[in-house]
Amino acid sequence: MTLPRKDLFHLPEGMIYLDGNSLGPLPVSVPDAVSGMLKNEWATQLIKGWNTCQWMDQPRRVGDMVGRLIGAPASSVTMGDTLSIKVFQALDAALSLRPDRKVILSDTGNFPSDLYMAEGLVRLKDAGYELRTVAPEDVTDAMGDDIAVVMLTQVDYRTGRMHDMMELTKAAQAAGAVMVWDLAHSAGAVEVDLAATNCEFAVGCTYKYLNGGPGAPAFIYVRPDLADDLQPALSGWLGHAAPFAFELNYRPAPAIERMRVGTPPVIQLAALESALAVWDGLTMAQVRAACLDLSEQFITQVEARCPMLTLASPRDGSVRGSQVSFAFENGYAAMQAVIARGVIGDFRAPNIMRFGITPLYLDEADITAAVDVLDDVLNNRLWDRPEYHARNRVT
Ligand SMILES: *Cc1c(COP(=O)(O)O)cnc(C)c1O
């Protein structure tokens, strides 16, 4: 199998899409899959669909498909809710494994929602818990004997800087802490082997590199030997051992099923299930190699032609995820001007121009064409117009 697989995606004519790290494009199979689900399942089966169309089993079935891309064994991943919710669930379950410790350790490069959810959990528990954040490079040194949980996002959303999952998990566990990984910018982007890392929990979303569409459900992984002993904080009826017994008290379902909460988003899961077919016959090693190759070309060309940009991502590909970021004082306006010319990247405060390099649907010609636009916009100061300075609500 070769890359790219552009024919599997709907990519608008004339657009070069370097934002798959934020919202993946639409796989061409998805509209028919979703429409088929609506017309052949919902419309005709109605309530019977829960049984006749296996809607109830969808979170586990799709979870296994995601699991294959992140090195998780079968039946160790389930789908639902959004990533922020799954962070909360994983964190609470992780804390419960270390009742004598009170500190959640994370880093200042983490995505704010993960930190906000941790803050909320600490406040809710009201039992002396604390969220402690240190610089990404100081995480290992901060793993003292008071740390209950180390919660990290593998790939930094701004710079693409990548943590070493194996090393940090080993260090966290050696310090007696539980490891929670957020794979939001990893799943479908870099090689992850959850089973080999031996981490206790992992979470991630599916609308970025997995192309599940806006609002696509999140995933959660629990190491199989632990799942049967966890008391879920979000004890919804579909994580109950017998939802249709309608018992008055909660009894958790076996294994990963207990991390389900309520009714699964069946339409979004149908979209995601179809979207995941684009990975058939590919290994993450192939995807990663192609990504690094395109990323090197992008960095080399941008640095040669746009000296006003400063590489904000690690230069060493082995510690860089699937995105390349450049710092530029007028990054917001410059990105708007670039987008206006059909090259879609995004901007992250305070000054980061971010480009997702996704080899499923990008090739060398796209990279060169994107750099041509950047060169024109930056060297001719085309960004310096009032309309490019006005901030949109979503950047
Ligand atoms: C994208 C992202 C999120 C977003 O969470 P949602 O609940 O899906 O909106 C959270 N954490 C990280 C690390 C992310 O990259």
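Under the √(5λ) rule applied to the eigenvalues of the Cα gyration tensor, what semi-axes describe the equivalent ellipsoid of the chain? Give them in Å, descending.
Details: eigenvalues 253, 149, 65 Å².
Equivalent ellipsoid semi-axes, largest first: 36, 27, 18 Å.
Which residue fluctuates most in the GNM of the chain (Cα springs below 10 Å): ALA290, ALA93, ALA196?
ALA196
Taking the chain as a Gaussian network, where each spring joins two C-alpha atoms under 10 Å apart, which residue of ARG288, ARG68, ARG123 fluctuates the most?
Maximum fluctuation in the GNM of the chain, among the listed residues, is at ARG123.
Measuring from label point to label point, each 7 Å out along Cα→Cβ, what is the SER318 to LEU26 span in nm?
A separation of 4.2 nm, rounded to one decimal place.
Once the piece of chain linking LYS6 and LEU46 is laid out straight, how much longer is it, given 0.36 nm per residue of separation minus the C-alpha distance between them? Could the numbers behind the result be given before it?
Numbers: separation 40, 0.36 × 40 = 14.40 nm, distance 3.55 nm.
Contour length minus Cα-Cα distance gives 10.8 nm.
Over the alpha-carbon set of the range 221-261, work out the extent along each principal axis and list the three values in angstrom, largest first.
That works out to 28, 15, 13 Å along the principal axes.
Just the projected area, averaged over all directions, of the convex hull on the alpha carbon atoms of the range 277-395: how many nm²?
Numbers: hull surface 31.4 nm².
Mean projected area of the Cα convex hull: 7.9 nm².
When only alpha-carbon atoms count, how far does the range 31-102 stretch along each of its three principal axes, as whole angstroms with the largest first?
54, 25, 21 Å, listed from the longest principal axis down.
Taking the Cα-to-Cβ direction at LYS39 and at GLU329 and moving 7 Å from each Cα, how far apart do the two end points lie in nm?
That separation, rounded to one decimal, is 5.7 nm.
Taking H placed 1.01 Å from N in the peptide plane, check which residues at least 5 places from ILE16 or on another chain put their amide H under 5 Å from its amide H.
Those qualifying (amide H under 5 Å, at least 5 residues apart or on another chain) are VAL343, ILE344.
Given the options TYR129, TYR207, TYR157, state which has the largest fluctuation in a GNM of the chain using a 10 Å cut-off (strictly under) for Cα springs.
Result for the chain, Cα springs under 10 Å: TYR129 fluctuates most.
Round to a whole number: what % of the accessible area of the chain belongs to carbon and sulfur, probe 1.4 Å?
Working: 8940 of 16360 Å².
Ligands and nucleic acids excluded, carbon and sulfur give 55 percent.
In Å², and per residue, what accessible area does the range 242-395 have when probed at 1.4 Å with the other protein chains present?
On the way: 6580 Å² over 154 residues.
Value for the range 242-395: 43 Å² per residue.
Taking Cα atoms, how many degrees apart are the long axis of helix 165-174 and the longest axis of the chain, rounded to 10 and kept between 0 and 90?
40 degrees
Let me have the 222 nm mean residue ellipticity of the chain computed from DSSP H runs of 4+ only, each contributing -39500 (n - 2.57), with the sum over all residues rounded to the nearest 500. Can you show the working numbers first?
On the way: 13 runs with 131 residues, N = 395.
Calculated from helices alone, the mean residue ellipticity at 222 nm is -10000 deg cm²/dmol.
Just need the Rg to Rh number for the range 54-279, please, alpha carbons only, Kirkwood Rh. Before the final figure, lay out the partial values.
On the way: Rg = 16.5 Å, Rh = 17.4 Å.
On the Cα set of the range 54-279, Rg over Rh gives 0.95.
Working only with C-alpha atoms, what are the Rg and Dmax values of the range 278-339, expressed in angstrom?
When restricted to the Cα atoms of the range 278-339, Rg and Dmax are 13.9, 43 Å.
Please report how many Lys pairs in the chain have alpha carbons closer than 23 angstrom, counting only residues at least 8 apart along the chain or sitting on separate chains. Please report the intermediate quantities before stating the final value.
Numbers: LYS6/LYS208; LYS39/LYS48; LYS86/LYS102; LYS86/LYS125; LYS86/LYS170; LYS86/LYS208; LYS102/LYS125; LYS102/LYS170.
For the chain, the number of qualifying lysine pairs is 8.
How much area per residue is accessible in the range 90-204 when the probe is 1.4 Å and only protein heavy atoms are counted (Å²)? If you can, show how the numbers build up before the last one.
Numbers: 4140 Å² over 115 residues.
With all protein chains present, the range 90-204 gives 36 Å² per residue.
Are there GluC sites (Glu not before Pro) in the range 188-290 that DSSP marks as loop and that have at most 12 other Cβ atoms within 10 Å, and which are they? All intermediate terms of the calculation are to be shown ahead of the outcome.
On the way: sites: GLU191, GLU200, GLU247, GLU257, GLU273; in loops: GLU191, GLU200, GLU247.
Passing sites in the range 188-290 are GLU247.
Compute the angle between helix 58-69 and the longest alpha-carbon principal axis of the chain, please, reported from 0 to 90 degrees and rounded to the nearest 10.
Between the helix axis and the principal axis of the chain, the angle is about 50 degrees.
Please list, by residue number, everything in the range 247-275 whose backbone N is under 15 Å from a paramagnetic label point 7 Å out along Cα→Cβ of LEU97.
Flagged as within label range: 255-256, 259.
Where does the range 115-193 land on Rg/Rh, using Cα atoms and the Kirkwood Rh? Don't jump to the answer; show the numbers that get you there.
On the way: Rg = 13.1 Å, Rh = 13.5 Å.
Over the Cα atoms of the range 115-193, Rg/Rh equals 0.97.
The values are calculated or read from the model by the stated rules, or taken from the named source; none is laboratory data. Quick caveat, the model's predicted, so the values are computed rather than measured. Cβ sites come from the backbone with ideal geometry, for glycine too, and all protein chains shown count toward neighbours. For accessibility, only protein heavy atoms count, side chains too; no ligands or nucleic acids. Shrake-Rupley method; radii C 1.70, N 1.55, O 1.52, S 1.80 Å.
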